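Engineer: Attaching a single structure in structure tokens format; questions to follow.
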Amino acid sequence: MTRAASPPPQVLMEKKLFIKTYGCQMNAYDSARMADLMAPFGYAAAESPEGADLVILNTCHIREKAAEKTFSELGTIRRLKRARERQGGRMIVAVAGCVAQAEGAEILERAPYVDLVFGPQTYHRLPEMVARALLAAGEQVLDTSFPAEPKFDYLPETSAAPGISAFLTVQEGCDRFCTFCVVPYTRGAEYSRPAAEIIAEARRLAASGAREITLLGQNVNAYHGTSPGGGEWGLGELIGALAGIPGIARLRYTTSHPKDVDDRLIAAHRDVPALMPFLHLPVQSGSDRVLRAMNRRHTADQYSRTVERLRRARPDLALSSDFIVGFPGESDADFDATLALSRDIGFAQAFSFKYSPRPGTPAASAANQVPEPVKAERLAVLQALLHDGQRLFNEASVGCVLPVLFEKPGRHEGQLVGRSPYLQSVHAEAGVERIGEIVPVTIRAALPNSLAGAIVAQSPAVAEHRA
Ligand code: 5AD
Ligand code: SF4
């Protein structure tokens, strides 16, 4: 369904749109959709904000300093806006995303040169908001509501070429309310798009050249959308259906909650060869006491058992995680439990953060905050362990032949970069005509964040297969 406003013919002059995206892949997806929304109105993507007609900062509020970063970036944009005005032009400045949702009124007050502020659930109204700002010189527009109708009903079809590896938002928002997290407040209640809509978008992506699709959602495995037959599908069934789309060779999904890994999803890891053997499954902490205070609703042991079940379904599954250190009340013993869990599971990669109090979340007002130097020390210890794990995982690939989906030219002439099934970045010498192909590559060396390899001599493109 496409209900975006159509442009009056007189505005179809080429205009420049600059979008700066912070944070997660869902923000990247949203930014691409904002560009799609403005394209019919003559706005073409620009590489820099200088001389742009519309500048959008698509912000992230998940961890510290988000608001400060936004205000400092706005200072630069303000100078460019004034320069544009001195030349008789006009620059509309918009702040979008989760900082806008959380601190919209403050942004308008502190930065009066900002024209538009809107959250992740209202950006489908962008053309109308821009038109309002253009017509009413100086009027600021704030739209941080949570509309009853999902924005997806109003978004136009993607127009830009998606690239070999594309993102597709299938679920948004979160009802889990982990006590450290702003997402339930900034992105709102959990919503799953109907499967038919997702399948149609995936077909369009495949038709425009995408070979891999990563399904996105704040809590993507809580997906429970209407199936094409009118029933309900979980993520497992959705993945099964998407795997049948011609041209789509690989599927991934992110980010998941351990409590929402159900039998159907585990079965998909066993039965759907296109579902890649890599899973980002944040655990946050290895201490049951901390997990309880975080309202994660699972224990360390339950997490480990879920991982065991997944690995039984797909023995080569590589795991990734998020960790928070220094959550309020975290003791040395709690932190040791996190270290023990990381060693036990053996993560192929992981992200770790110092706890940062997010305004309005329950943990932010806890009295037992952990001192900054303790957080910093714990983070260094955990990161050293996780980096070691990543190094070991990558080194174990040396000598193996991995099917690599080539995505783009590498840094050096004559080189392409792609991904292994386990999401490792792999570079190898190859001609650009092999972009989009899945090719067997012998891994020769493991670098800290990537692998170097050579295409198996005279190898044709391979069909993806179970390792
Ligand atoms: N402080 C530190 N890290 C956080 N994350 C989310 N909220 C916070 C916070 N308040 C981390 C979690 C989450 C990842 C996206 O960001 O680990 O999984
Ligand atoms: Fe935030 Fe994820 Fe917890 Fe939802 S499940 S509240 S998005 S950390």
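Engineer: In the full protein assembly as shown, how much of Cys60 is accessible to a 1.4 Å probe, in Å² to the nearest 10?
Structural biologist: My reading of the accessible area for Cys60 is about 30 Å².
Engineer: Lys69: which lysines have alpha carbons under 21 Å from its alpha carbon, excluding same-chain residues fewer than 8 sequence positions away?
Structural biologist: Lys20, Lys81, Lys354
Engineer: Round to the nearest 0.05 the FRET efficiency obtained for Arg305 and Arg132 when R0 = 45 Å and r is the Cβ-Cβ distance.
Structural biologist: So, using R0 = 45 Å, E works out to roughly 0.25.
Engineer: Using a 1.4 Å probe on the protein heavy atoms, what percent of the accessible area of the chain belongs to carbon and sulfur?
Structural biologist: 54
Engineer: Right, here's the next one. Solvent-accessible area per residue for region 322-432 at a 1.4 Å probe radius, Å²?
Structural biologist: That works out to 47 Å² per residue.
Engineer: At Glu68 and Asp344, where each label point lies 7 Å from the Cα along Cα→Cβ, what is the point-to-point distance in nanometres?
Structural biologist: It is 3.7 nm.
Engineer: A further question on this structure: I'd like to check one number: the per residue accessible area of region 38-129, probe 1.4 Å, reported in Å² as a whole number.
Structural biologist: Per-residue accessible area for region 38-129 comes out at 40 Å².
Engineer: While we're here: Starting from region 17-75, pick out the GluC sites (Glu not before Pro) whose DSSP state is loop and whose Cβ has at most 16 other Cβ atoms within 10 Å.
Structural biologist: Answer in residue order: Glu47, Glu50, Glu64.
Engineer: Also, I was wondering about something else. Subtract the Cα-Cα distance of Thr76 and Phe177 from 0.36 nm times their separation in residues, and report this length gain in nm to one decimal.
Structural biologist: Going from the current span to full extension adds 32.8 nm.
Engineer: Solvent-accessible area of Asp175, probe 1.4 Å, all protein chains present, reported in Å² to the nearest ten, please.
Structural biologist: Looks like 80 Å² after rounding.
Engineer: Sort by residue number and report every cysteine in the chain with no other cysteine beta carbon within a distance under 4.7 Å.
Structural biologist: Cys24, Cys60, Cys98, Cys174, Cys400
Engineer: Another question, then. Return, ordered by residue number, the residues of region 342-366 whose backbone nitrogen is under 13 Å from a label point located 7 Å along Cα→Cβ of Leu392.
Structural biologist: Residues 342-349 fall inside that zone.
Engineer: Also, I was wondering about something else. What is the set of long-range amide H partners of Glu232 at a cut-off below 5 Å, with H atoms built 1.01 Å from backbone N?
Structural biologist: Ser227
Engineer: Okay, moving on. Give a quick list of trypsin sites (Lys or Arg not before Pro) in region 356-453 that DSSP marks as loop, anything other than H, G, I, E or B, with at most 13 other Cβ atoms within 10 Å.
Structural biologist: Taking region 356-453 and a limit of 13 other Cβ atoms within 10 Å, the loop trypsin sites (Lys or Arg not before Pro) found are Arg411.
Engineer: If contacts are Cα pairs under 8 angstrom and at least 6 residues apart, what is the relative contact order of region 137-201 in percent?
Structural biologist: Answer for region 137-201 is 29 percent.
Engineer: If you don't mind, another one. Please give the charge dipole size of region 1-143, origin at the Cα centre, charges +1 on K and R Cβ atoms and -1 on D and E Cβ atoms. Round to the nearest 20 debye.
Structural biologist: For this selection, approximately 260 debye.
Engineer: Moving on to the next point. Give me the percent relative contact order of the chain, please, defined on Cα pairs under 8 angstrom at least 6 residues apart.
Structural biologist: Once divided by the residue count of the chain, the mean separation gives 10 percent.
Engineer: I've got another one for you. For region 38-137, which trypsin sites (Lys or Arg not before Pro) are in a loop by DSSP, counting at most 10 other Cβ atoms within 10 Å?
Structural biologist: Listed in order of number, the matching sites are Lys65.
Engineer: How many Å² of accessible area per residue for region 202-266, probe 1.4 Å?
Structural biologist: The answer is 34 Å² per residue.
Engineer: Given Leu275, Ala249, Asn394, which one lies farthest toward the positive end of the charge dipole of the chain, if we put +1 on the Cβ of every Lys and Arg and -1 on the Cβ of every Asp and Glu?
Structural biologist: Value: Asn394.
Engineer: Given only helices, namely DSSP H runs of n ≥ 4 each adding -39500 (n - 2.57), what is the per-residue ellipticity at 222 nm of the chain, to the nearest 500 deg cm²/dmol?
Structural biologist: Mean residue ellipticity at 222 nm (helix-derived): -10000 deg cm²/dmol.
The values are calculated or read from the model by the stated rules, or taken from the named source; none is laboratory data. Remember, it's a predicted structure, so these values are computed and weren't measured experimentally. Glycine gets a Cβ as well: all are built from the backbone with ideal geometry, and neighbour counts include every protein chain shown. These accessible areas exclude ligands, DNA and RNA; they are computed on the full protein's heavy atoms, side chains included. Shrake-Rupley method; radii C 1.70, N 1.55, O 1.52, S 1.80 Å.
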